[in-house]
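Trainee: Sharing a structure with you now.
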Amino acid sequence: MIEEFFEQPVYGLAKAEKAALLSRELGELTRHHDAACAPYHSILSAYPPDALPGGSVAPFLPVSMFKMHSLSSVPQEQIFKTMTSSGTTGQAPSRIFLDAETAQLQTRALTRIVTSFIGPKRLPMLIIDHPSVVKDRRTFSARGAGILGLMTFGRDHRFALKDETMELDWESIEYFAQKYPDSPIFAFGFTFMVWQHFLQQLKAAGRKLPFADAILIHSGGWKKLEAEKVSNDIFKGVAKDIAGFSRVHNFYGMVEQTGSVFMECEAGRLHAPLFADIIIRDPQDWRECAIGEAGVIQVLSVLPRSYPGHSLLTEDRGRLLGEDDCPCGRMGKTFEVLGRLPKAEVRGCSDTFAQPVPQGAAA
Ligand SMILES: [Zn+2]
């Protein structure tokens, strides 16, 4: 029962207890999607039950499946929101079909996770982006959806950037600086936007912001920052020095599993919340990697009901750092992301599923 996940502390269950709860729920989801989503059924039935990639409880699909196929486990009329990923050049975006139940579970899970880090009180919120990314509410881009999802945790919202030119909106920033000096505020933005278009522009203007104990949550790939030799430590140092963000949390998440995000704790590790889990796999034979071994990241989530996205093989490399032993005191697996997989390996992952999926067979 999914409600059990909301009755337990989000980072409080030890390994054995969490594993029992998760495997039961994930197994139910596999059976549900197998019965409700014809393309998913045809993928599963292409394998002998004991040879399913990732095991029979929650066999994994490569995330690229959501770019190539319409995968839905509910009738068309129950879909009230379609989310899309930005999609890299030359690739179709992922399309994720949400019904009311899944969307509500996503919101509830995200609330449990985020408030456990920033507290239940809504803080004044600076959004490090421009307002037009959240304008079209019928089809959400991952960026717009991410911002809208986080906006519920703040109040007195202002956008820090003007428009597509990415110029700072000095009026917004001055308003915040004058209204909340020496106060905690909450800011959210995508990692590269925060670095390039916020912190670097403030620095170039010789400006420091007066907030104290402010919280920054940011998400998105490090690829562009790595190219500029900006490590997580450098990022945090500059965010604190220039904008007063003494609490900075990155998170790892994807549009295919919105809600059950992996937040970075004070010790700099990404944490699996109760709603989710992480497995690192060796791309040669898909066995589970041990702690410390690098491999491909598989993400599991108990939230997806309206589409078969509860077990996904990502296109990212990562490494487990531990389980139930983080210095911050939170339970669960901890890990780090090591970047995107090389193109050839991504193709290798997709080739694991060489079986054709019948076109137009989605519910
Ligand atoms: Zn931790």
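The values are calculated or read from the model by the stated rules, or taken from the named source; none is laboratory data. As the structure is a computational prediction, the values presented were derived from the model and not from experiment. Cβ coordinates were reconstructed from backbone atoms using ideal geometry, including for glycine residues, and neighbour counts include every protein chain displayed. For the accessible areas, the whole protein counts, side chains as well, though only heavy atoms, and no ligand, DNA or RNA atoms are used. Shrake-Rupley method; radii C 1.70, N 1.55, O 1.52, S 1.80 Å.
Trainee: Ignoring ligands, DNA and RNA, what percent of the 1.4 Å accessible area of region 121-252 is carbon and sulfur?
Mentor: 53
Trainee: Could you tell me what percent of the DSSP beta bridges with both partners in region 121-252 are antiparallel, to the nearest 5?
Mentor: Working: 1 of 20 bridges.
The antiparallel proportion sits near 5 percent.
Trainee: A further question follows. What nm distance separates the two modelled labels at Ala294 and Glu101, each placed 7 Å from Cα along Cα→Cβ?
Mentor: Using points 7 Å along Cα→Cβ, the separation is 4.1 nm.
Trainee: Still on this structure, please answer the following. Can you send over the solvent-accessible area of Asp324, 1.4 Å probe, protein chains only, in Å² to the nearest 10?
Mentor: 50
Trainee: Further question: Please check the chain for the longest run free of GluC sites (Glu not before Pro) that are loop-located per DSSP (anything but H, G, I, E, B) and have at most 16 other Cβ atoms within 10 Å.
Mentor: 1-163
Trainee: Simple spin-label model, 7 Å along Cα-to-Cβ: Glu3 to Glu226 in nm?
Mentor: Result: 4.4 nm between the two label points.
Trainee: For region 192-285, what is the percent of antiparallel DSSP beta bridges, rounded to the nearest 5?
Mentor: DSSP beta bridges in region 192-285 are roughly 40 percent antiparallel.
Trainee: Would you mind counting up the charge near Val10? Only other residues with Cβ under 9 Å from its Cβ, with Lys and Arg at +1 and Asp and Glu at -1.
Mentor: +2
Trainee: I want to check the label-to-label distance for Glu17 and Gln284. Put each point 7 Å from Cα in the C-beta direction and report it in nm to one decimal.
Mentor: With each label placed 7 Å out from Cα toward Cβ, I get 3.8 nm.
Trainee: Hey, any idea what Rg/Rh is for region 127-278, computing Rh the Kirkwood way over Cα pairs? Kindly include the intermediate steps, with their values, before the conclusion.
Mentor: Numbers: Rg = 15.0 Å, Rh = 15.9 Å.
That ratio is 0.94, to two decimals.
Trainee: Might you tell me the accessible area per residue for region 121-252, computed with a 1.4 Å probe and given in Å²?
Mentor: Each residue of region 121-252 exposes 46 Å² on average to a 1.4 Å probe.
Trainee: Just read off the accessible area of Trp170 with the full protein assembly in place, 1.4 Å probe, to the nearest 10 Å².
Mentor: 90
Trainee: Charges on Cβ only, +1 for Lys and Arg, -1 for Asp and Glu, centred on the Cα centroid of the chain; of Met83, Gly309, Ala243, which one is farthest towards the dipole's positive end?
Mentor: Positive-most Cα among the choices belongs to Ala243.
Trainee: Could you sort the peptides 214-220, 54-60, 146-152 by per-residue average Cβ neighbour count (10 Å cutoff), highest mean leading?
Mentor: Those peptides, ordered most packed to least, come out 214-220, 54-60, 146-152.
Trainee: Determine how large the accessible area of Arg95 is when every protein chain is in place; take a 1.4 Å probe and give Å² rounded to the nearest 10.
Mentor: Estimated to the nearest 10 Å², Arg95 gives 80 Å².
Trainee: Grab the beta carbon distance between Thr82 and Lys208, set R0 = 30 Å, and tell me the FRET efficiency rounded to 0.05.
Mentor: Computed FRET efficiency for Thr82 and Lys208 comes out at 0.10.
Trainee: Would you calculate, for the chain, the mean residue ellipticity at 222 nm contributed by helices, counting each DSSP H stretch of 4 or more residues as -39,500 (n - 2.57) and dividing by all residues, to the nearest 500?
Mentor: Mean residue ellipticity at 222 nm (helix-derived): -8500 deg cm²/dmol.
Trainee: Tell me the net charge near Ala187. Cut-off is 11 Å between Cβ atoms, Ala187 excluded, with +1 for each Lys or Arg and -1 for each Asp or Glu.
Mentor: +1
Trainee: Report the one residue of Gly206, Phe188, Ala160 whose Cα lies farthest in the direction of the positive end of the charge dipole of region 121-252 (charges on C-beta: Lys and Arg +1, Asp and Glu -1; origin at the Cα centre).
Mentor: Farthest towards the positive pole: Phe188.
Trainee: Using the Cα centre as the reference, give the magnitude of the dipole from point charges on the C-beta atoms of the chain (Lys, Arg: +1; Asp, Glu: -1; all else neutral), rounded to the nearest 20 debye. Spell out each step's value before the answer.
Mentor: Details: 39 positive and 42 negative charges, 150 e Å.
In total the dipole reaches around 720 debye.
Trainee: Would you report the distance distribution of C-alpha pairs in region 233-341 as whole percents per 5 angstrom bin, up to the bin with the largest distance?
Mentor: The percentages, shortest bin first, are 2, 12, 21, 22, 19, 13, 7, 3, 1, 0.
Trainee: Accessible area, 1.4 Å probe, largest first: how do Arg143, Arg31, Arg269, Arg155 sort?
Mentor: Details: Arg143 75, Arg31 155, Arg269 50, Arg155 105 Å².
Per-residue accessible area, sorted high to low, gives Arg31, Arg155, Arg143, Arg269.
Trainee: Hey, another quick one. What share of all Cα pairs of the chain, in percent, falls into each consecutive 20 Å distance bin?
Mentor: 29, 58, 12, 0
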